[in-house]
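Structure, as structure tokens:
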Amino acid sequence: MDRIAFSAYSHGNAVILGTSAMITIVDDDDFVRESLRDLLESLGYAVSTFESAERFLQSGRLPETSCLISDVKMPGLSGLDLQSRLLAEGRRIPVIFITAFPEERFRIRARSAGAVGFLIKPLDEGSLISCLETALQRHAIASAMDRKRASVTAFTSPAA
């Protein structure tokens with residue numbers, strides 16, 4: 001297997017619109033998981049890693065995840081199935097897919113379900129960081145809209 005090497009460099013903040021970003025990585029390849037963790041932590045992000053989609057879903061980390069970076073093909077629940085499940089549950093976590101199997105049907109499915117990126121291993125760190133910035137901006141906007149909706153609902157709801 002080809003080794004994935006990432007060099008850390010200074011690139012922006014790990015804070016988007018005043019909130020700390022938690023990046024979750026789901027990949028069955030230990031080396032990929034740890035390489036991504038090292039890169040993202042060197043850029044100042046909080047990172048959690050999981051070797052399977054099932055472990056991630058059982059972990060309790062879902063509510064604090066600002067962006068999900070997931071392998072496409074994994075034993076058990078695939079990354080694409082994980083994305084579908086999150087959407088079915090109404091969770092709007094931005095997803096960046098990474099894959100060593102760049103099949104067009106997977107890319108189309110991921111993009112049509114709203115994936116921020118579909119990147120091919122070995123990863124180009126500039127492309128990954130660009131996708132990550134887009135994902136975190138989407139998450140910040142969605143979170144702000146959710147807070148606004150909650151405050152409007154609380155304000156317009158009749159007192160009990």
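Within the shell defined by Cβ-Cβ distances under 13 Å, the residues around Ile23 carry a net charge of -2, with Lys and Arg each +1 and Asp and Glu each -1. Dividing the radius of gyration of the alpha carbons in segment 15-154 by their Kirkwood radius gives 0.95 for Rg/Rh. Less than 5 angstrom separates the built amide H of Cys67 from those of Met22, Thr24, all sequence-distant by 5 or more or on a different chain. With Cα atoms as the point set, the radius of gyration and Dmax of segment 30-93 evaluate to 11.8, 33 Å.
Where a number appears in this text, it was derived from the coordinates with a stated rule and is not lab data. Source: prediction; values computed, not measured. Note: ideal-geometry Cβ built from the backbone for every residue, glycine included; neighbour counts use all protein chains shown.
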